[in-house]
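Down below is the structure, laid out as structure tokens.
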Amino acid sequence: MSTNLADYKNIWVFAEQRQGKIMGVALELIGEATKLAKDIDDETKVCAVLVGNGIDHLAQECFEYGADMVYMLQHPLLENFTTDAYAKVMTEAMEEYKPDIVLYGATHIGRDLAPRIAARAHTGLTADCTHLDVSVAKYIEFAKANTTLDTSTLDPNSPDKGLKMTRPAFGGNLMATIISPRTRPQMATVRPGVMSKNERVEGRTGEVVNVAVKLEEADVRTKVLEIVKEAKEMVSLTDADIICSGGRGLGGPEGFELIKAFADKVGGVVGSSRACVDNGWIDHAHQVGQTGTTVKPQIYFACGISGAIQHLAGMQNSDIIVAINKDPDAPIFEVADYGIVGDLYKVIPQIMEAWDK
Amino acid sequence: MKVIVCAKQVPDTNEIKINPETGALIRDGVPSILNPDDANALEEALKLKDQRPDTHITVISMGPPQATDMLFECLAMGADEAILLSDRAVGGSDTFATSNALSAVIDKYVKEFGPYDIIFGGRQAIDGDTAQVGPQIAEKQHLPQVTYVVDFQVSEDGKTVTVKRQLEDGYEVIEVNTPCMLTCTKELNEPRYMSMKGIFNKDKKITVWNAADCEVDLTVVGLKASPTNVFRSFTPRPKGKGSMVAGDTEAEIAANLIASFKEKHII
Ligand SMILES: Cc1cc2nc3c(=O)[nH]c(=O)nc-3n(C[C@H](O)[C@H](O)[C@H](O)COP(=O)(O)OP(=O)(O)OC[C@H]3O[C@@H](n4cnc5c(N)ncnc54)[C@H](O)[C@@H]3O)c2cc1C
């Protein structure tokens, strides 16, 4: 888009909704945008962009979670997500209103849509971010606490307010911070579960902008014949306070009966390593890690999980990690706050018993 | 049908280690492989060829000259030919610039061989995990796209495809006319192995093009034309290691764990 960077203002959050329900990640992004806006200047507004049909009622929820403004893009052809329709209306709205930053949830819809928009708008996009900063001082703080980066070359008083988008690469072995120095808007997809929602303020309101949407049937080249919700158990790993995860060490699918009983006992949710998913022991919806869900519960129990880097990528920010593994050299112990060397089939029943005492 | 498969050679990220002293990535001796999701993309094209033997499969890639090893593997699996764009001018490209380069390869392909029906790509590559290049090629080729494909059917006349697109909590069934871009997941199929016949077939060729060969606009590729830049890169600091829970029996260990939880107000 234009190279006059100063023309671009405000932070947009693509407030993804499906069948009239806002995705949790959209609210998390409004929370994150609130922090970033403060670090830019007092004028910067947090704007939620709602795309769909008959979704006026969702604006209120965005305001209550911290949006200052809501852009409404509604049209019968936006009822269900299609790449063509959504990319067209989003890109046109961006051209008209010129946001400085646009954030999307790294969902199957966000990751389909955002690259298409970036290509059309000739701007950069950073995928699957796990940390965002605009202030250099805050970036230094983050880097010192969490990384091995030498921060001596960074100036905490720098006026630079460009978006610094940090993401894992090479399967979590490496982290990279990406910038889009020459183009606007700066765009990122952000993994669900890593940013925090604001406290909901009942009755909080803001300004609604109804955007005139231009769409014709010919603009949409894919036809959604059916949307099927799989009757799989709802797994809300990202919201869970406690996660009990099982790995290949369970020895077979029956092992998840123990993990389920354990989770029920401690009020947790069942997670899994990819090995179990690949073996068909449990549905992919339970998978934690780089190609599964990113989680940060208060307590993460890793039972019979070796601690491969791709698994760690999804759970190492948990507040407390408890590892139960037969092998004292298992890498999972490197990140565990509490390590227990032993047979999970003997240890877990004892923890369940001790839990209520 | 004429099918293009986009494939990338990637380091096997399973094998990458970090030098604990320098914090640097140890890439020496790390094997390069055909990106796993791209193997699923190729397999889907090969299945189509099994059904319709007149299908012609061209694998395209961008990368250093060694990427021909990966393309050789694709031919040995059953692809008909392969084209590699290899040029310093495209080095350092981000996803935006990469899609410009690959789109130029596709334009050149069309000039030489005529129009294509389907482009298959992998959902994402394991080195960057961005999932961006597929949709961005689709944009530049003005194609409709479907990402996260888990099932694929094509109509008798080859003009319409019906796919299942994976969602977090289910799937969508989508119909789209060719030409189109589809990105494939590992759930879609089980990639076949290279065949002996494939390995020893001397008729198939890998064409290596430089930027000039495929008439790439040099102002839209490479590091300078990339809207995103790496600001810093580093390794995550290992989370401070905790301690082993003391106790001689499982019951004691469990009791000590819970006692510590309570003491620290974790529960
Ligand atoms: C591109 C890519 C993406 C990936 N993404 C993910 C991802 O998102 N999530 C993920 O988890 N993995 C992912 N992986 C796979 C990852 O590399 C590992 O293979 C996987 O995490 C291993 O699962 P595991 O720990 O359950 O199994 P293993 O590594 O086999 O470990 C089993 C552990 O159980 C212990 N054990 C055995 N029996 C017992 C017992 N009775 N009691 C206690 N302990 C016992 C063993 O000592 C061992 O440590 C990915 C890999 C690739 C290449």
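The values are calculated or read from the model by the stated rules, or taken from the named source; none is laboratory data. None of the values given here were measured: they were computed from a predicted structure. Don't worry about glycine lacking a Cβ; one is built from the backbone with ideal geometry, like all the others, and counts go over all protein chains shown. Ligands, DNA and RNA are excluded from the accessible area calculation, which covers all protein heavy atoms including side chains. Shrake-Rupley method; radii C 1.70, N 1.55, O 1.52, S 1.80 Å.
Things to note:
- Test: A:Met187 is assigned by TED's automatic domain parsing to the domain that holds A:Asn10, touching a residue at least 12 places away in the same chain (Cβ under 8 Å) and in a strand (DSSP E or B): yes
- Complete set of residues in the range A:101-128 that are open to solvent by 20 Å² or more (accessible area, probe 1.4 Å) and farther than 16 Å from B:Thr95 by Cβ: A:His108
- Hits in the range A:315-333 - residues which are within 9 Å of the ligand (Cβ to nearest atom) and touching a residue at least 24 places away in the same chain (Cβ under 8 Å): A:Met315, A:Ile324, A:Asn325, A:Lys326, A:Ala330, A:Pro331, A:Ile332
- Scanning the range A:257-299 for residues that are among the polar types (S, T, N, Q) and within 14 Å of the ligand (Cβ to nearest atom), we see that the one that is surrounded by the most Cβ atoms within 10 Å (Cβ to Cβ) is A:Ser273.
- Scanning the range B:244-259 for residues that are in a helix (DSSP H, G or I) and crowded, with 16+ Cβ neighbours inside 10 Å yields B:Glu250, B:Ala251, B:Ile253, B:Ala254, B:Ala255, B:Asn256, B:Leu257, B:Ile258.
- Single condition A:Asp343 does not satisfy, out of (1) near the ligand (Cβ under 7 Å from one of its atoms); (2) acidic (Asp, Glu); (3) more than 9 Å from chain B (Cβ to nearest Cβ): (3)
- When B:Asp151 is tested against (1) modelled with pLDDT under 95; (2) open to solvent by 40 Å² or more (accessible area, probe 1.4 Å); (3) more than 10 Å from chain A (Cβ to nearest Cβ); (4) touching a Lys or Arg at 6+ places or on another chain (Cβ under 8 Å), just one condition goes unmet, and that condition is (1).
- Where helices (runs of 4 or more DSSP H) sit wholly within the range A:58-157, those with at least 1 residues that are at the interface with chain B (Cβ under 9 Å from one of its Cβ atoms) and out of contact with any Phe, Trp or Tyr (no Cβ under 7 Å at 6 or more places or on another chain) occupy A:83-97, A:110-121, A:136-146.
- Residue match in the range A:232-245 (condition: in contact with a Cys (Cβ under 7 Å, 6 or more places away or on another chain) and near the ligand (Cβ under 10 Å from one of its atoms)): yes
- Residue in the range A:300-314 that is farthest from the ligand (Cβ to nearest atom), counting only those that are out of contact with any strand residue (DSSP E or B) (no Cβ under 8 Å at 6 or more places or on another chain) and more than 15 Å from A:Val194 (Cα to Cα): A:Ile309
- Condition met for A:Met187 (surrounded by 15 or more Cβ atoms within 10 Å (Cβ to Cβ) and under 22 Å from B:Val146 (Cβ atoms)): yes
- Exactly one residue out of A:Ile140, A:Ile179 is buried (at least 19 other Cβ atoms within 10 Å of the Cβ), at pLDDT 95 or above and either touching a Leu at 6+ places or on another chain (Cβ under 9 Å) or farther than 21 Å from B:Thr147 by Cβ (or both): that is A:Ile179.
- Here B:Lys8 fulfils each of the conditions (1) under 18 Å from the mean Cα position of the chain (by Cα); (2) farther than 25 Å from B:Glu187 by Cα apart from (2).
- Being closer than 25 Å to B:Ile253 by Cβ, more than 10 Å from the ligand (Cβ to nearest atom) and among the charged types (D, E, K, R) is a property that holds for A:Asp337.
- Failed criterion for A:Ala302 (all others in (1) closer than 21 Å to A:His108 by Cβ; (2) touching a Ser or Thr at 6+ places or on another chain (Cβ under 8 Å) hold): (1)
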